[in-house]
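J.: The following block contains the structure, expressed as structure tokens.
The values are calculated or read from the model by the stated rules, or taken from the named source; none is laboratory data. Since the model is a prediction, treat every value here as computed from it, not as a measurement. Every residue, glycine as well, gets a Cβ built from its backbone with ideal geometry; the counts of neighbours run over all protein chains shown. For accessibility, only protein heavy atoms count, side chains too; no ligands or nucleic acids. Shrake-Rupley method; radii C 1.70, N 1.55, O 1.52, S 1.80 Å.
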Amino acid sequence: MPHAQVPERASLPYRADIDGLRALAVVPVVLYHFHVAPFGGGYVGVDVFFVISGFLITGLIHAEMRSGEYSLAAFYERRARRILPALFAVVAAAAVAALFLLFPADLRRFGESVAATALFVSNFDFWQQSGYFDAGAEAKPLLHTWSLAVEEQFYLLFPLLLGPFRSAGRRGLLLLAGGLALASFGFGLWAVRAYPAMAFYLAPARVWELMLGAILALAEVPRPPRWIAEALSLLGLALLAVAVFAFSPDTPMPGANALLPCLGAALLIYANGAGDTLAARGLSLRPMVFVGLISYSLYLWHWPVFVFARYLRVAPLGAAETLALIALSVGLAVLSWRFVERPFRDRRRLSRRSIFIWAGAGMAMCLLAGGGLVAPGGLPQRFAPAVQRLLAAADDRDPREHTCGGATLKQLEAGFVCVLGDARAKPSFALWGDSHAAALIPVVSGVAARLGRAGYFVGHVGCAPLLGVTTSDEPSQRCARVNDAALALIARKNIREVIVAGRWAYYDTGRGTAADPRGFRRLFDLAGGGQHAVFARALDRTVARLSAGGRKVILVADVPEIDFDVPQTLARIALGAAPVEIRPTREAYRARQEFVAKDLAALQRRSGVAVIAPAAILCGSGLCAVEDGGRPLYRDHHHLTVFGAMRLAPLFRGAF
């Protein structure tokens, strides 16, 4: 995340090219967030900011240590002057906008993020929110503060770590920075595969990026000849360009992929030290320097501007609207830099004591405001009763979804069972699957009860009911163990009928819909191959194992997935947003399910499995319904409400 220019009292010489490098980092971030092609990897600008920050701050600390002027109080004063004034201004403005615009659930989350931002732990907050049912990024106005939290957490501890190394001089500091960098990079390589959300949001996998800049500041490597410096600076630009234009939201980060933008930034800082390269002269041009100077404020303002503008609309932003919003972000950044950042950096206006008092008061106000937004449940009374009823569909789920679909692995392996249907009957069937299967609990249980049948729910939300596979976001094989436990329970309980449901197109393609916050999810098995092949083998393998012993297998084809959050979109339209057709066509549904449908048809022919097709009811008119009589059929963009699930009762009566 970008930072303001080093204050005048620092002993480091000012480098205009570094401000230009900030511009080169913040512009791709802004364009990426506004969905401007081809900046698919523009988010790597944050990694560039980490390298710049590590270089400048470590260089400043080292210079003060050598001159005997270093103190923790002065260090934290500088951080407070640079970071807090603009941050508190943005949080205050976002809070006012949130009160008018955000729906209750999103306002509650916003209140939590305000408090977390004030305490510089918002990265933990957003990491904890990154689960399967999480709201999309475009409903979180303070999401971008995760990078600020990473930096401030590190800089809260880094000066304390320097204490034992002060007497060791530059070499001791280099050893510290190098050790931290190696440990962090190694951790990141593991975490980006094992726990990708944790690796993205938390500091341990990012510290090496800051330390790369620190090593550059401490190493004092002699500058190479001019022609080598030119070549290195061009290589740095090329590495940045590859990351910005070739990466996508699906590129695992940070890990090894972060080497490209980070090394690119490091090469530019090193090679441009004398300011005589073509790249240095380009980065030192006045427009580049000016964008670099406002980069911190631009980073802070652009994301809330985008989120609130997007929140007001149903359809995607047009080109003219995007351009206007980017211009608005730049205008707010200029005002913020001129009237907020600069005055608070002026020691003649505000003493150290005043800064710390202002900082404490600002943090306290954020904590109070955050609690005030969370405690009343998101203030639903701000909206008319008809809008509240639409929004209430987000909570229209059977309470058994949590207890049945959220059972822990330990519970499942210990034989936990969740009974559906007529409690007086002997269980003879099982409903197995992920959250899409859990959403069917009310209809399956209701139909079974009316027919005097009983059964179990087995499985877990987020876990594909497919045997013999692992996924790219579950290398710990938790889901594989969940499925093994489900299969063991089915065998142990002598189940004769198994209904299998899942978000099939997601597993078959590895991708969700436009409204899905998750990235690419790859399936693996021992045979290898492409996603379709692995999925088809897994489904065939699962049916074969379940059919053993004469069990009847019923596969439930997936429900239509919507590109919008249904309750919120219907509520926005009710509030006056321009109407837009959010119902997918039957043809679009078939195209999304094309390979799944072929696999299901092949299994019907080969194995005699039964197939239930929810689209037969939900897509009967050529368009797939999202509401009935003003009541949403979905609680988000792909999970049925209880009301929506019960519409499928005729299909399950036939299956039983």
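J.: First measure r as the distance between the Cβ atoms of Val419 and Ala588, then evaluate 1/(1 + (r/R0)^6) with R0 = 51 Å and state the FRET efficiency to the nearest 0.05.
T.: About 0.85, to the nearest 0.05.
J.: How big, on average over all directions, is the shadow cast by the Cα convex hull of the chain, in nm²?
T.: For the Cα atoms of the chain, the hull's average projected area reads 31.3 nm².
J.: Here is a follow-up. What does the charge dipole of the chain about its Cα centre add up to, to the nearest 20 debye, if the Cβ of each Lys and Arg holds +1 and the Cβ of each Asp and Glu holds -1?
T.: The dipole magnitude comes to about 720 debye.
J.: Got a number for carbon plus sulfur as a percent of segment 290-447's accessible area, 1.4 Å probe?
T.: 67 percent
J.: If amide hydrogens are placed 1.01 Å from N in the peptide plane, which non-local residues have theirs closer than 5 Å to the one on Ile612?
T.: For Ile612, whose amide H was placed from the backbone, the distant partners under 5 Å are Leu555, Val556, Ala557.
J.: Which of the peptides 110-118, 592-600, 21-29 is most tightly packed, and how do the rest follow, going by the mean number of other Cβ atoms within 10 Å of each residue?
T.: Descending packing order for the listed peptides: 21-29, 110-118, 592-600.
J.: How are the C-alpha pair distances of segment 161-209 spread across 10 Å bins, as whole percents from the shortest bin up?
T.: Per 10 Å bin, starting at zero, the Cα-Cα P(r) for segment 161-209 comes out as 28, 39, 23, 9 percent.
J.: Can you give the Rg to Rh ratio of segment 132-230, both from alpha-carbon atoms, with Rh computed by the Kirkwood formula?
T.: 1.09
J.: Going by a 4.7 Å Cβ-Cβ cut-off, which cysteines of the chain have no partner at all?
T.: Flagged as lacking a Cys partner: Cys262, Cys366.
J.: Calculate for the chain the 222 nm mean residue ellipticity that helices alone would give, adding -39,500 (n - 2.57) per DSSP H run of length 4 or more and normalising by residue count, nearest 500 deg cm²/dmol.
T.: When only DSSP H runs of four or more count, the value is -18500 deg cm²/dmol.
J.: Mind checking the angle between helix 295-312 and the chain's longest principal axis? C-alpha axes, 0 to 90 degrees, to the nearest 10.
T.: Computed tilt is about 30 degrees.
J.: Oh, and also: Once the convex hull of the C-alpha atoms of segment 93-162 is built, how many Å³ does it hold per residue, rounded to a whole number?
T.: With only Cα atoms used, segment 93-162 gives 83 Å³ per residue.
J.: Still on this structure: Run down the lysines and flag those whose C-alpha is under 16 Å from the C-alpha of Lys552, throwing out any fewer than 8 positions away in its chain.
T.: Cross-link targets: Lys493.
J.: When Lys and Arg each count +1 and Asp and Glu each count -1, what net charge do the other residues less than 11 Å away from Leu293, Cβ to Cβ, add up to?
T.: Surrounding charge for Leu293 is +2.
J.: OK, next. How big is the antiparallel share of DSSP beta bridges in the chain, given as a percent to the nearest 5?
T.: 35 percent
J.: Still on this model: According to the square roots a ≥ b ≥ c of the eigenvalues of the Cα gyration tensor, what is the shape class of segment 332-472, taking rounded for a/c under 1.5, prolate for a/b larger than b/c otherwise, and oblate for the remainder?
T.: Cα axes put segment 332-472 in the prolate bin.
J.: Continuing with the same structure: Ignoring ligands, DNA and RNA, what percent of the accessible area of segment 220-281 is carbon or sulfur (1.4 Å)?
T.: Result for segment 220-281: 75 percent of the exposed heavy-atom area is carbon or sulfur.
J.: With a probe of 1.4 Å, find how much accessible area segment 208-358 has per residue, and write the answer as a whole number in Å².
T.: 46 Å²
J.: Can you figure out the FRET efficiency of Gln604 with Ala514, using R₀ = 35 Å and their beta-carbon distance, to the nearest 0.05?
T.: 0.70
J.: Specify the inter-centroid distance of segment 138-167 and segment 586-637, based on alpha-carbon positions, in whole Å.
T.: Value for the Cα centre distance between the two parts: 48 Å.
J.: What trypsin sites (Lys or Arg not before Pro) does segment 412-504 have in DSSP loop regions with at most 16 other beta carbons within 10 Å?
T.: Sparse-neighbourhood loop trypsin sites (Lys or Arg not before Pro): Arg424, Arg496.
J.: Per residue of segment 331-340, in order, report the coupling 6.51 cos²θ - 1.76 cosθ + 1.60 (Karplus, θ = phi - 60°) as ³J(HN,Hα) in whole Hz, putting x for Gly and Pro.
T.: Couplings: x, 5, 5, 4, 4, 5, 5, 6, 10, 10 Hz.
J.: Which one of Cys624, Val330, Val534 is farthest out on the positive end of the charge dipole of the chain, using unit charges on Cβ (Lys, Arg +1; Asp, Glu -1) and the Cα centre as origin?
T.: It is Val534, whose Cα lies furthest towards the positive end.
J.: Where Rh denotes the Kirkwood radius from the mean inverse Cα pair distance, what is Rg over Rh for segment 1-129?
T.: 1.03
J.: Under unit Cβ charges (Lys, Arg +1; Asp, Glu -1), what dipole magnitude, rounded to 20 debye, does segment 341-465 have relative to its Cα centre?
T.: The calculation lands at about 840 debye.
J.: Express the carbon and sulfur contribution to the solvent-accessible surface of segment 512-619 as a percent, rounded to the nearest whole number, probe 1.4 angstrom.
T.: 55 percent
J.: Additional query: In whole Å, what is the distance between the alpha-carbon centres of segment 423-470 and segment 172-235?
T.: When both Cα centres are located, 49 Å separates them.
J.: Please give the FRET efficiency for Leu234 paired with Phe290, using the beta carbon to beta carbon distance and R0 = 35 Å, rounded to the nearest 0.05.
T.: 0.90
J.: Checking the a/c ratio against 1.5 first, then a/b against b/c, what shape does the Cα gyration tensor give for segment 257-393?
T.: Note, shape of segment 257-393 comes out oblate.
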